[in-house]
Amino acid sequence: MTKSGEERRIFPRAEVTLIGRMKGEPLKKDCAVMDISLTGAKLELDEELNDRTIESVRFSQTSGLNVSIAWQKGCSVGVHFTDDPHDIANVLETLIPESCFEPFSKK
C-alpha cells in the first residue's frame, strides 16, 4: 500500500489565502496561494501556464523564493521551493503557523 501525499510530506502544509507574485518567462503576474509549507506551495492562476514557466514567487512583502514546477492541473500549479531551507524558513516564518516548522527545528 502506498502512502498518501500528506503522509509522505516532510513538513506540514498550512491552508492559507495569500496573494503571490510570480515571475518567469514570459510571465509576471499575481496568483492565489492556497496552501504552503517549507518545501512548496499550491498556486491558483487565472489561466493555464501552457508553455510559460515560473521561476520565483514572492508573498506579500517578503523576498522572493526560487521555485520549480512540481505539477500542474488546469489553473492549479504545485511549486517546489529550491532555495536553501534556512532562507525559505526566514521568508515564511511570518506567513505560516509555528507547527509547520516542527520537523525543521528538530534537525
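The values are calculated or read from the model by the stated rules, or taken from the named source; none is laboratory data. These numbers come from a predicted model, not from an experiment. Because the Cβ atoms are built from the backbone with ideal geometry, glycine has one as well, and the counts that use them run over all protein chains shown.
How many of the residues in the range 15-28 are out of contact with any strand residue (DSSP E or B) (no Cβ under 6 Å at 6 or more places or on another chain) and more than 18 Å from N50 (Cα to Cα)?
Of all residues in the range 15-28, those out of contact with any strand residue (DSSP E or B) (no Cβ under 6 Å at 6 or more places or on another chain) come to 17, 24-28.
Still in the list and also more than 18 Å from N50 (Cα to Cα): 17.
Count: 1.
Filter the range 45-60 down to the residues that are modelled with pLDDT of 90 or more and loosely packed, with under 14 Cβ neighbours inside 10 Å, then identify the one that is nearest to G74 (Cα to Cα).
Only one residue tops the list, namely E48.
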